[in-house]
1. How fast does region 76-163 diffuse by Stokes-Einstein, in µm²/s, taking the Kirkwood radius from C-alpha pairs at 37 °C and 0.692 mPa s?
2. Where in region 235-261 does the label zone of Lys111 land, with the point 7 angstrom along Cα→C-beta and an amide N cut-off under 18 Å?
3. Dividing the alpha-carbon radius of gyration of the chain by 2.2 N^0.38 Å (N being the number of residues), what value is obtained?
4. Debye sum, Cα scatterers, region 246-303, no solvent: what log₁₀ I/I(0) at q = 0.23 1/Å?
5. Relative contact order for region 16-262 using alpha-carbon pairs under 8 Å, separation at least 6, rounded to a whole percent?
6. Assuming R0 = 56 Å, can you tell me the calculated FRET efficiency for the pair Lys2 and Thr225, based on Cβ-Cβ distance, to the nearest 0.05?
7. If you keep only loop residues by DSSP, which trypsin sites (Lys or Arg not before Pro) in region 1-83 have at most 13 other Cβ atoms within 10 Å of their Cβ?
8. In whole angstrom, how long is each semi-axis of the equivalent ellipsoid of region 30-116, when you take the square root of 5 times every eigenvalue of its Cα gyration tensor and sort them from largest down?
Amino acid sequence: MKEIYLDNSATTPISEVALEKYIEVSRMHFGNPSSLHALGVVAEGEVKEARAKIARALGATDGELLFTASGSEANNLAILGRAHAKERYRRGAKIITTMGEHSSVREPLKKLAEEGYTIVEIPTRGGMLDFEMLENELQSGVCILLTMMLVNNETGALYDLARASALMRKYQKDAVLHVDATQAFLKVPFSPRTLGADLITISAHKVEGPKGVGALYVSDYIKKTKGLSPVFYGGGQESGFRPGTENVPGICAFGEAVNLSRGELGRRVTLVSALREKLIAMLRERTPEIQITLPPKAAPHILNITLPSIKSETMLHYLSREGIYVSSGSACSSNGAHHPSSALLAYGHSEKMADASLRISLSYHNTEEDLDALLCALERGLSTLARFGK
């Protein structure tokens with residue numbers, strides 16, 4: 001049975017060039033990049049080369065890119081590091097975010113709320129930022145940070161963060177914009193300049209790199225104004241912002257994956273966009289009972305659908321047995337309890353709809369034959385599961 005992978009927003013398979021680089025560096029360039037001997041110097045050079053490749057793809061300079069162990073860590077560093085950068089920020093400063101952010105944004109903000117920071121969530125109903133509320137919030141109090149995702153990981157909604165940044169700079173001189181771009185990097189065109197962003201999170205395993213590597217763009221302005229503090233201490237690596245021996249093979253593999261993707265970005269975006277449009281047309285024609293979530297502006301690789309009276313987890317397991325892999329619209333906590341996706345609730349879905357939603361996330365590796373297999377399996381699943389009252 002052919003396996004069809006349609007969960008690329010959760011993770012992507014590592015590319016051959018990235019894997020080859022990971023193995024090469026692990027075997028041949030295993031020195032500690034902080035060591036002064038020849039092996040250390042070679043390892044340092046490998047990291048420097050990878051940093052340059054990723055920074056170039058992001059539209060940044062080498063010195064503006066810090067490596068972390070994940071996108072989640074980069075989000076924590078951006079949010080907690082910004083909030084704790086200056087003592088005056090601790091006196092009830094405001095941080096503005098959106099409803100439906102990733103847990104690696106929501107959880108550090110929850111911690112900051114406990115410390116006395118004012119956290120404001122801007123609605124994203126229908127896949128659009130509520131700019132009226134955002135402008136009102138920016139005109140009151142002292143705001144130090146906007147932290148917002150560029151592409152919603154559940155709905156694919158593409159938010160107008162350039163407009164949000166312009167409003168922020170109009171009303172709040174101390175505020176900076178942090179963008180969680182883990183679902184946007186090398187999927188939609190952007191740069192720190194076009195977004196007006198000061199901090200940007202990206203992740204290796206979302207772009208065919210290895211797991212366990214992320215990066216945070218930190219603008220020269222943030223560094224010059226000492227607008228970010230470390231979350232960890234000891235070691236001094238990554239300009240003192242992220243201590244600990246660098247994951248040299250992971251970073252180098254990240255660099256190779258990005259370098260390849262950057263060169264093929266236009267072709268890949270065109271291909272994935274066409275696949276998404278084809279999938280929408282097929283769903284409308286063959287399974288009209290399935291509701292399709294269509295934000296006014298969306299990334300090309302994500303499509304969320306809602307099943308008729310069938311829980312997403314049930315259909316997910318049915319599709320998995322058919323060798324087709326997607327993700328559900330509910331999250332499972334450590335105690336086994338299921339919670340509807342906060343992003344889908346923020347979009348405007350009811351809890352029942354959110355609990356019946358599937359996310360299909362495409363790659364340039366996918367084909368129209370994959371989509372046909374998915375539709376055939378969905379048709380069988382709808383019939384079978386409905387018959388058994390699932």
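1. Working: Rh = 13.4 Å.
The diffusion coefficient I find is 245 µm²/s.
2. Backbone N within reach: 241-244.
3. Values: Rg = 21.5 Å, N = 390, 2.2 N^0.38 = 21.2 Å.
Against the compact-globule rule of thumb, the ratio is 1.01.
4. Taking Cα atoms of region 246-303 as identical point scatterers yields -0.91.
5. For region 16-262, the relative contact order is 30 percent.
6. Efficiency, from the Cβ-Cβ distance: 0.55.
7. Answer in residue order: Lys2.
8. Working from the Cα gyration tensor, I get semi-axes of 34, 15, 12 Å.
Readers should treat all values here as calculations from the given coordinates under stated rules, not as data from a laboratory. On a predicted model such as this, the values are computed, not experimentally measured, just so you know. Here the Cβ is made from the backbone with ideal geometry for all residues, glycine too, and neighbour counts use every protein chain on show.
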